[in-house]
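What follows is a short report on a single structure.
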Amino acid sequence: RIPDDPEEYVEDLERATAHADLDGWCRLWSEEAERLAAAKQAAEQLCGGDACRLGAFEVGVSRIKKHLLDRVNAAIEALSVGAAEAAEDDADAINEEAEEAVAKLTAPATTAEEWADQKAFFEGAPALAVDLETRAADASRRLSVLAILGQDAPEEVARAHFDALAAARRVAVAADVHEEAFYLASDRLQLALRLQRDEVQTEIEAVIAAVSVVRGHSDAMLDSAEKIAATADEVEARIAEVTKASEVVNEREAIFGWPQTQFDALEHTAADHLALAALWRLASAVVQAHARALDGPVIEVDVPALDDAIGKWLQELSRISRLLRQRQSVAADAADFSPALTCVDAARDVVGAVRGFMPLLRTLRAPGLKARHWQRISEETGHKIDPTLDPSLSLENVLVLKLGDEANAALRRVADVATREHSIERALERMSLFWRQTDLDLAPHRASGAHVLRAMDEVSASLDEHTARCLAMAASPHARPVEEPLRNLLAALRLATDSLDAWYSCQRSWLYVQPLFAAPDIERAMPAEARRFAVVDKVWRSTISSAVLRPNLMRFCTGSTHVLETLQETGRHLDSILKGLTEFLETKRLAFPRFFFLSNDELLEILSQTKNPLAVQPHLGKCFEGIARLTFDDNQVITQMISPEHEEVPLSSKVDPNEGNRKGNVEVWLCDVEDVMITTLRSVFSEALQDYAVSERTDWVDRWPGMVVLNASQRYWTSEVEEALRAKGASGLKEYHERLQKQLEGIVEKVRAGNLSSAMRTTIGALVTIDVHQRDVV
């Protein structure tokens, strides 16, 4: 079959051979080439000319021959291009790999690492040449497809394949030509490595001397700790650089197969300097902290941070001391670390001095100290100590005053008062911030179209907690500076608590009442309450809308005292409406007492649909224990009653809920239904008694409701027992006992026969129990 779309045909063939090896590729493409060549030959030989004779007609075939040849030639052309491109890709890959190898073989090596990479290429050059030669020969096999199709390879493809066949030769020639330069580069780089190694040794000696200088500094140089720490950092940087250089030397020695130079002195020196640099950096930090604490402005001293740093400094000094003594014990050149150890002791003394300042600093930096506290301190100590007036006041200035015990006690007392006042102020700020960020959790209420306040248990708990906290703070003697804002917050919390309580109370009543008065039947039955609810509903929705616009709890509840008053007034009106609703339901229950079996919600559901008599159906089971539902005809006239066991009893007279004063008064027509039920059951019972006397008992039980069967059976048992006693006495009872036994056996046989409905099975089960009891009594 000649392909319809040559390009799609070649793409499908390329996908089919994408993961095939060279042999598989050549086989599939050759088969396609042979098929197309055969198709072309068949098209050329079609009919042997430009026309063929069919009986009396001569049919021209030149156009169809041309069409077939054009399709075959297009497919051959596409297949040729695809094969040529595949062959060119192979050749280009081979040439690219060969050029990369030649470039690496001929590039001059400037470092030992480059020389090592080039060495690997020189060693692998023979194997690479063989591999390239083999691959070039394999790539030429793809051109066999062109030969089958009678096509010549394009000039660029042929040139690429010619270059690929020569690739192996190019690699081998490059390796031979540049081999001498490769070995000359080795000699040159090894000479450079010797010089580099000597330079590293010289730098190591200089670093050792620099470390020795740092090691010789004692406690006498503690005032210059910052400068010495900077020098130690510079030496540490030099150690890092020379260590890196020594590692490079060792790596290059390994490249040329030299024995590794051991830089043990550098390793020991680096370990010594590690401890020394840590010491002087810490000493610098301690000295600077001491200066800032003593001479710096008091108001700028960060006491908590300084307190925390003291503990860390002491731990670090202990660690450095152990490290220095360890280095002293392992030092091969009898290096003396005694000066450094004296610096450790001196730094520890400075830390102790800073620790000694901490009590006074904590007092001077007590949180909450304000201008009034500093004025009181100045009055009680007899000295002008006020950093708010003199920001440059330092700890040294205070120490120079040499305050006595009473002055220090007064200072601590005022600081303690300021701290307690500050604690109350911070707590007040946190509570105020909390309530500024607390919003009412309002959600849309789909049924009413308004919003409702969702439960906010956490907020209510926070209100109670903050109220208790404010009361406790108000009782503190230190709350005087914030007495007014504290009093305002406490009043706001109480108002918010009362408002939320009133809100939830109103919302519960409103959600209960609102759907009731949305029903026209309830609205007509309670016109006064409906009018009052309309007013309440308008006020309630207005209040909710205001809350939606201002959702912040405190801003809404405390923005106006009318909010609480409105909610409380609304609650009173809703309570009045609920009372009227309860009285209304009571009148309905008194009219039809069986409504007492229903809850308020169930009764309201019925009363809100008085125009729909069927609304009573779900609740009939509670009103009448033995009735599941009533049957209504198409005109909503009640025709029969149905038990939970699906027994149907037609009413002796139909009841029309929409007739006369029954219409819209469910309690009236339900009373009528109850009366008709009683009349119907009396009639059915009477008919069942008459039928019992003339029917077989096993057939009789099928024709009457279960309760009628049980009652009628017991009625006849009583009368028959009395008759047996009057007629024959004890012998009469024996004869009646046999009759009862036969009746019981008949019922049992009926059960065994099967095909009993669920209701009948329940009736017979009860009847058998009663029959057995009656038999045993006789």
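The values are calculated or read from the model by the stated rules, or taken from the named source; none is laboratory data. Just so it is clear, the structure is predicted and the values come from calculations on it, not from any experiment. Cβ placement follows ideal geometry from the backbone for every residue including glycine, while neighbour counts extend to all protein chains displayed. Surface accessibility is based on the protein's heavy atoms, side chains included, excluding ligands, DNA and RNA. Shrake-Rupley method; radii C 1.70, N 1.55, O 1.52, S 1.80 Å.
Quick rundown of the values:
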| read-out | value |
| --- | --- |
| Matching entry among 319, 325, 281 (being charged (D, E, K, R) and in contact with a helix residue (DSSP H, G or I) (Cβ under 7 Å, 6 or more places away or on another chain)) | 281 |
| Filter pass, residue 398 being β-branched (Val, Ile, Thr), surrounded by 15 or more Cβ atoms within 10 Å (Cβ to Cβ) and modelled with pLDDT of 85 or more | no |
| Considering residues of segment 13-24 that are in a helix (DSSP H, G or I) and within 53 Å of the chain's Cα centre (by Cα) only, the residue surrounded by the fewest Cβ atoms within 10 Å (Cβ to Cβ) | 15 |
| Yes/no for residue 253 being touching a residue at least 24 places away in the same chain (Cβ under 8 Å), surrounded by 12 or more Cβ atoms within 10 Å (Cβ to Cβ) and over 30 Å from residue 290 (Cα atoms) | yes |
| Residue in segment 231-248 that is of a type in the set (Ser, Thr, Tyr), open to solvent by 50 Å² or more (accessible area, probe 1.4 Å) and under 56 Å from the mean Cα position of the chain (by Cα) present | yes |
| Lone qualifier among 425, 406, 379, 421 - being open to solvent by less than 70 Å² (accessible area, probe 1.4 Å) and out of contact with any His (no Cβ under 9 Å at 6 or more places or on another chain) | 425 |
| Positions within segment 452-467 being in contact with a strand residue (DSSP E or B) (Cβ under 8 Å, 6 or more places away or on another chain) and touching a residue at least 24 places away in the same chain (Cβ under 8 Å), in sequence order | 452, 453 |
| Every residue from segment 647-660 that is in contact with a helix residue (DSSP H, G or I) (Cβ under 6 Å, 6 or more places away or on another chain) and either over 16 Å from residue 630 (Cα atoms) or not small (Gly, Ala, Ser) (or both) | 647, 651, 655, 657 |
| Among the residues listed as 740, 670, 744, the single one being in contact with a Lys or Arg (Cβ under 8 Å, 6 or more places away or on another chain), in a helix (DSSP H, G or I), open to solvent by less than 80 Å² (accessible area, probe 1.4 Å) and within 30 Å of residue 604 (Cβ to Cβ) | 670 |
| Subset of segment 428-448 that is closer than 19 Å to residue 547 by Cβ and of a type in the set (Lys, Arg) - its residue that is most open to solvent (accessible area, probe 1.4 Å) | 446 |
| Contacts under 6 angstrom Cβ, first residue in segment 516-528 being within 16 Å of residue 600 (Cα to Cα), partner open to solvent by less than 20 Å² (accessible area, probe 1.4 Å) and modelled with pLDDT of 80 or more, 6 or more apart | 517/530; 517/533 |
| Residues being part of a helix (DSSP H, G or I), free of Cβ contacts under 8 Å to residues at least 12 places away in the same chain, over 14 Å from residue 251 (Cα atoms) and of a type outside the set (Gly, Ala, Ser) - total across segment 100-124 | 2 |
| Search result, residues across segment 535-565 that are open to solvent by less than 60 Å² (accessible area, probe 1.4 Å), under 13 Å from residue 503 (Cα atoms), within 38 Å of the chain's Cα centre (by Cα) and not polar (S, T, N, Q) | 544, 547, 553, 556, 557 |
| Where a residue in segment 721-732 is over 16 Å from residue 777 (Cβ atoms) and its partner, wherever it lies, is open to solvent by 60 Å² or more (accessible area, probe 1.4 Å) and in a helix (DSSP H, G or I), with Cβ under 9 Å and at least six apart | 728/734; 728/735 |
| Single residue of segment 595-607 satisfying the filter (of a type in the set (D, E, K, R) and surrounded by fewer than 17 Cβ atoms within 10 Å (Cβ to Cβ)) that is farthest from residue 621 (Cα to Cα) | 601 |
| Hits in segment 153-173 - residues which are open to solvent by 40 Å² or more (accessible area, probe 1.4 Å) and either within 60 Å of the chain's Cα centre (by Cα) or free of Cβ contacts under 8 Å to residues at least 24 places away in the same chain (or both) | 155, 158, 159, 162, 173 |
| Unique match (being closer than 30 Å to residue 495 by Cβ and of a type in the set (Ser, Thr, Tyr)) among 639, 558 | 558 |
| Test: residue in segment 126-144 that is more than 30 Å from residue 39 (Cβ to Cβ), at pLDDT 75 or above and touching a His at 6+ places or on another chain (Cβ under 8 Å) | yes |
| Residue within segment 702-714 that is surrounded by 12 or more Cβ atoms within 10 Å (Cβ to Cβ), among the acidic types (Asp, Glu) and farther than 30 Å from residue 651 by Cβ present | no |
| Residue ID - surrounded by the fewest Cβ atoms within 10 Å (Cβ to Cβ), chosen from residues in segment 306-339 that are more than 56 Å from the chain's Cα centre (by Cα) and among the aliphatic types (A, V, I, L, M) | 334 |
| Filtered residue count, segment 612-667, keeping only those that are of a type in the set (Lys, Arg), more than 53 Å from the chain's Cα centre (by Cα) and surrounded by fewer than 16 Cβ atoms within 10 Å (Cβ to Cβ) | 2 |
| Residues (of a type in the set (A, V, I, L, M), open to solvent by 10 Å² or more (accessible area, probe 1.4 Å) and within 22 Å of residue 230 (Cα to Cα)) located in segment 267-305 | 270, 271, 274, 278, 282, 285, 287, 291 |
| Members of segment 449-461 that are part of a helix (DSSP H, G or I) and buried (at least 17 other Cβ atoms within 10 Å of the Cβ) | 459 |
| Residue 203 among the acidic types (Asp, Glu) and free of Cβ contacts under 8 Å to residues at least 24 places away in the same chain | no |
| Residue in segment 511-530 that is under 35 Å from the mean Cα position of the chain (by Cα) and either closer than 30 Å to residue 418 by Cβ or assigned to a helix (DSSP H, G or I) (or both) present | yes |
| So residue 393, is it crowded, with 19+ Cβ neighbours inside 10 Å and touching an Asp or Glu at 6+ places or on another chain (Cβ under 9 Å) | yes |
| Filter result for residue 214 (out of contact with any His (no Cβ under 9 Å at 6 or more places or on another chain) and in contact (Cβ under 8 Å) with a residue 40 or more places away in the chain) | no |
